[in-house]
Amino acid sequence: MLDDLRAFTRNGALLTEALQGADFAPMLMVLVHLSGEEHWLADVGQYITGPWNFHENAPEAIKQQVRDRLRTVLTEIAEGTRPMPDAPPAHLLRAMLSTGVGQTVPEEYIPMILEETMLFNDRDPKTVEWRSKPDATVLNAFQTVIIGAGVSGLCMAIKLKEAGIPFTIIEKNRTVGGTWFENGYPGCGVDTPNHFYSLSFEPNHDWPEHFSKRNELWAYMERLADQYDIRSHIRFETEVTAARYDEASARWIVSTRAVDGTGNTLTANALVSAVGQLNRPSIPAIPGLDDFAGPAFHTARWDATQDLRGKRVAMIGTGASGMQVGPTIAPDVEHLTIFQRSAHWAVSNPNYHAKVSPGKMAALKHIPFYAKWYRFQLMWASSDGLHASLHADPAWPTPDQSLNAANQKFREDLIAYISGQVNGDAELIRKVVPPYPPYGKRMLRDNHWYQSLTRPNVDLVNEPIERITADAVVTRDGVEHKADVLVLATGFVAQKMLWPMDITGRDGVTIRELWGDDNPRAYLGITVPRFPNLFMLYGPGTNLAHGGSAIYHTECQVRYIMQCLRELIETGAASMECKPEPHDAFNELLDATHSKMVWAHRGVGNWYKNKHGRVVTNSPFRLVDYRRMTERLDRNDYVMA
């Protein structure tokens, strides 16, 4: 490390570029950490008013003071005249965390922050260590099958490989990446900042944008597969059709079908589903859909051979994918007609379309601890901050449109923003402002969506669709909207988890018999009674809708599953099965917590709910709560046999 730092500080141009490109708050935290000079927090910390870089308002002269002092400190450490410090004392760390985001960081968050940022640890703190490492014979006898090679499946595989546990991944696609491979529609990208939306133990300092597009996300996962040599463990273009738990052998019998129709079976001690919730497109049952004569495709099955330039495009849906597709293709098509069933809220972020400067990339790569403090900043900005405002105040006078005072203020700010984006167009405002509280549906990022609706070649239609003909979408008012191409931005079959696989557990019970089509339940979103040694990543009740990174939840779940596998292997037990009592208690808590939150709002229909109105996809818990729930396995929650 010192050799690299010495080369960096002796390269004056690169050092200057990195210091100029660094954001003020994480740079200040690095200075205080490396120098131990606490006075900087009081002297200049007041210029940090929030967790995003656009909440920093330090004058340039102040920034230059920090840069100059950090340059000196870095050079002294590199040249050996100043020691590299240990972690700051507890009181200073607490002060730094709060100053770094312009908000008080409660004590309960510190373990979570230190884990996620690996601030003072280069080894992943979430790695599960053997208490008494088994010999190779025992390890080789324990086989794990993972279904899916998206980011969750890759994370699971990496940790299994570190532990020396054999595994095979079954992946239906031709390569890794999961949803970031399958979704290649124009404008496809992430709405969580990339320097947080990545594995904590594999940060990427080369993201070209703060919210990068699909190709960069997919490339990141391709690199993970190669770096950890996971590809050799994957059976590509193969689907799991069924999995049956054999009680006599305490093994899962996994049936697969290759793309050429060839069937096969595998036997596994443990089965891990990493298929998530958003992997099967939802095709609406619109009369005449099959009669459309032109190209028609779902956003998750985008037909890249189609040239949309000069075409009349009808797009059904205004959710996350629709909001990304619309503004991207609008400048090129002859006409874009967008059919909206219900409006969505979308929030602006100044970084959404911003590129990461070469200077910031240099800071991330070369300034010690900068990337870790920057990740903390983004984590704090993107996780639990809004959670309290999503609880319904039973005394609130206007519950149909907001939940409480903070939620109402947010609503008013969003409406003012929307009005500005559509130039005060009253008819457009009427169409795009939702009647329900902010966050009742997934909160989206404004991808120039509102501005695109003001284009002369774009129409937003909120009249219900009656049918589709060979060349048009016909709405209930009888209007024919002519189209050459039909795009379905209609989301996924989220509630029917693990479908279409046929999963059979103990006593011959199937997962469909237990869950029905849309009522999945699991303990911690991970395990289910009567299904021994079956574990789920991104399972029921674990989708994040208030903020945070899905990858953060994945890492919590992988740690928990690794503890389960350790328990099985070290004790020699053949099976572990979740008891009904903790499972039922957890789901009662899940439902009770949801009942007081925005996603259960009676005036909102969303993909979070099943047909009975129960929220089945989302986690109602703060990230810090879910971490606490999954941090340590309690053997008493399971029957070991």
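For region 232-330, the Cα gyration tensor yields ellipsoid semi-axes of 39, 15, 14 Å (square root of five times each eigenvalue, largest first, whole Å). Think of the chain as a dipole: +1 on every Lys or Arg Cβ, -1 on every Asp or Glu Cβ, centred on the Cα centre; then among 269, 11, 418, 269 lies furthest on the positive end. In order along region 368-376, phi translates into HN-Hα couplings of x, 6, 4, 4, 6, 5, 5, 4, 4 Hz, rounded to whole numbers, per the Karplus curve 6.51 cos²θ - 1.76 cosθ + 1.60 with θ = phi - 60° and x for Gly and Pro.
Across region 254-388, the convex hull enclosing all Cα atoms gives 283 Å³ per residue. With a Förster radius of 22 Å applied to the beta-carbon distance between residue 396 and residue 417, the computed FRET efficiency rounds to 0.45. Considering Cα pairs under 8 angstrom that are at least six residues apart, work out the relative contact order of region 497-576 and quote it in whole percent. Contact order relative to length: 21 percent. Each residue of region 229-244 was assigned a 3J(HN,Hα) from its phi angle through the Karplus curve 6.51 cos²θ - 1.76 cosθ + 1.60 (θ = phi - 60°); the sequence is 6, 8, 4, 5, 9, 10, 9, 7, 6, 9, 10, 7, 8, 7, 9, 10 Hz, with glycine and proline shown as x.
Projected onto their three principal axes, the Cα atoms of region 500-607 cover extents of 50, 31, 27 Å, largest first. Loop-located trypsin sites (Lys or Arg not before Pro) in region 429-511 (DSSP state other than H, G, I, E, B) with a sparse environment of at most 15 neighbouring Cβ atoms within 10 Å: 476. If you average 1/r over every pair of different alpha-carbon atoms in region 95-238 and take one over that average, what Kirkwood value in Å do you get? Evaluated on region 95-238, it is 17.3 Å.
The slack in the chain from residue 285 to residue 81, taken as 0.36 nm per residue of separation less the alpha-carbon distance, amounts to 66.3 nm. Size descriptor for the chain, Kirkwood hydrodynamic radius: 26.4 Å (Cα pairs only, one decimal). Separation of region 587-641 from region 248-268 is 32 Å, based on Cα centroids.
Taking amide H as placed 1.01 Å from N in the peptide plane, the amide H of residue 333 sits under 5 Å from that of 310, each at least 5 places away or on another chain. Considering only alpha-carbon pairs that sit under 8 angstrom and 6 or more positions apart, the relative contact order computed for the chain is 17 percent.
Calculated on C-alpha atoms, the gyration radius of region 433-564 divided by its Kirkwood radius gives an Rg/Rh of 1.10. Stretching the chain fully between residue 386 and residue 92 yields a gain of 103.2 nm (0.36 nm per residue, less the alpha carbon separation). Directionally averaged projected area (region 198-265, Cα convex hull): 7.3 nm².
The phi-based Karplus calculation (6.51 cos²θ - 1.76 cosθ + 1.60; θ = phi - 60°) puts the 3J(HN,Hα) values of region 60-68 at 4, 5, 5, 4, 5, 4, 5, 4, 5 Hz, whole numbers, x for Gly and Pro. Projecting label points 7 angstrom from Cα along Cα→Cβ for residue 512 and residue 161 puts them 3.6 nm apart.
Across region 1-82 the C-alpha pair distances fall into 10 Å bins from zero in the proportions 17, 51, 26, 5 percent.
FRET efficiency for the pair residue 68 and residue 107, taken as 1/(1 + (r/R0)^6) with r the Cβ-Cβ distance and R0 = 25 Å, rounds to 0.15. For region 510-554, the residues whose backbone nitrogen is under 13 Å from a point 7 Å from the Cα of residue 612, taken along Cα to Cβ, are 514-521.
Size descriptors for region 52-137, from the alpha-carbon set: Rg then Dmax equal 18.5, 64 Å. Ignoring lysines fewer than eight residues from residue 311 along the same chain, the ones with Cα atoms less than 19 angstrom from its Cα are 482. A dipole drawn for region 514-641 from +1 and -1 charges on Cβ atoms has a positive end, and of 605, 560, 514 the residue lying farthest that way is 605. On the principal axes of its alpha carbon atoms, region 1-159 extends 63, 36, 31 Å, with the longest extent given first. The charge dipole of region 493-580, taken about the Cα centre with unit charges on the Cβ atoms of Lys, Arg (+1) and Asp, Glu (-1), comes to about 100 debye, rounded to the nearest 20. Between residue 636 and residue 205, the modelled label-to-label distance comes to 4.7 nm, taking each label 7 Å out from Cα in the direction of the beta carbon. Comparing 106, 119, 84 along the charge dipole axis of region 79-128, the residue lying farthest to the positive side is 84, per the Cβ-charge model. Taken about its Cα centre, the chain carries a charge dipole of about 260 debye when Lys and Arg each add +1 at the Cβ and Asp and Glu each add -1 at the Cβ. With the radius of gyration and the Kirkwood radius both derived from the Cα set of region 229-287, what is their ratio Rg to Rh? My calculation puts Rg/Rh at 1.07. Summing -39500 (n - 2.57) over the DSSP H runs of n ≥ 4 in the chain and dividing by its residue number, what mean residue ellipticity at 222 nm do you reach, to the nearest 500 deg cm²/dmol? Calculated at 222 nm, the ellipticity per residue is -10500 deg cm²/dmol. In this structure the amide hydrogen of residue 481, modeled in the peptide plane, comes within under 5 Å of the amide hydrogens of 473, 474, 475, none closer than 5 places in sequence on its chain.
Each reported figure results from applying straightforward, stated rules to the coordinates on display, with no laboratory input. Small disclaimer: the values here were computed from a predicted structure and weren't measured. When we count neighbours, we look across all protein chains shown, and the Cβ atoms used for this are built from the backbone with ideal geometry, even at glycine.
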